[in-house]
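Reviewing the structure listed below.
The values are calculated or read from the model by the stated rules, or taken from the named source; none is laboratory data. Note that the coordinates shown come from a computational prediction; the quantities given were computed from them, not determined experimentally. Using ideal geometry, Cβ is built from the backbone for each residue, glycine included, and neighbour counts are taken over all protein chains shown.
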Amino acid sequence: MPPSPWAMGGLMGKPKRIPSQMAGVGGKAVHIMGDMSAAAVVGAILLILYGVFMRYLLNNPSIFVDEISSYLLVLIVFFGVARTFGVGGHIRVELVVNRLPTKIRQWLRGITLLLGIGYGLILTWQAWNLVVSSRGFALKSFFLRVPAYIPQLLIVVGALALTLVLMGALAKHWQQLRHSRGPEGQ
């Protein structure tokens, strides 16, 4: 069973150990992005509580709460996804897979990692196209007039980080496959 994100050092803490697919400078960046995601959860909760308080108790709604909480949601999802994968926190349904022979399981793992990398590359590319388009049309948010490409860049960075973590996991998986065949590569 992979360790939970809480076992990795907890909310906003230093990791006790960084998994090999998250090692190095990139892994530290992904760890920081995960911490930013956790902080954004707290920020979103506080912001929404403020919005509820202002709207229902003081009858003075704040127009910026919905917009900023939407930006925080994007940050939470796209900055948290790479770290969650890196520490083994994504849900896996292994009822059928665990009954397969080891060799088939290993190949399926490689195939799913390749599919994940493909998805990550497409998501990164499409998010980048969205950023370029939004910047070209000078799109801005309705209330705060924030250029739309700024929060959209969070999607690009998060998708790229996920893709890189998946590539690291594939490299680790490939090494394990090569070492499991023995020194002659049989």
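Tabulated data for the structure shown
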| item | result |
| --- | --- |
| In region 30-87, the residues that are β-branched (Val, Ile, Thr) and free of Cβ contacts under 8 Å to residues at least 60 places away in the same chain | ILE32, VAL41, VAL42, ILE45, ILE48, VAL52, VAL65, ILE76 |
| Residue match in region 167-186 (condition: within 30 Å of SER70 (Cα to Cα), assigned to a helix (DSSP H, G or I) and modelled with pLDDT under 95) | yes |
| Residue match in region 134-145 (condition: surrounded by 19 or more Cβ atoms within 10 Å (Cβ to Cβ) and either in a helix (DSSP H, G or I) or charged (D, E, K, R) (or both)) | no |
| Region 38-58: number of residues that are surrounded by fewer than 12 Cβ atoms within 10 Å (Cβ to Cβ), among the hydroxyl-bearing types (Ser, Thr, Tyr) and closer than 21 Å to VAL74 by Cβ | 0 |
| Residues (β-branched (Val, Ile, Thr) and over 17 Å from TYR71 (Cβ atoms)) located in region 129-143 | VAL132 |
| Out of LEU177, LEU114, sole residue that is touching a residue at least 12 places away in the same chain (Cβ under 8 Å), more than 21 Å from SER37 (Cα to Cα), in contact with a Gly (Cβ under 8 Å, 6 or more places away or on another chain) and surrounded by fewer than 19 Cβ atoms within 10 Å (Cβ to Cβ) | LEU177 |
| Unmet criterion (only one of (1) under 13 Å from the mean Cα position of the chain (by Cα); (2) surrounded by 13 or more Cβ atoms within 10 Å (Cβ to Cβ); (3) of a type outside the set (Ser, Thr, Tyr)) for LEU100 | (1) |
| Conditions (1) within 19 Å of the chain's Cα centre (by Cα); (2) part of a helix (DSSP H, G or I); (3) surrounded by fewer than 15 Cβ atoms within 10 Å (Cβ to Cβ); (4) of a type in the set (A, V, I, L, M); number of the one not met by LEU160 | (3) |
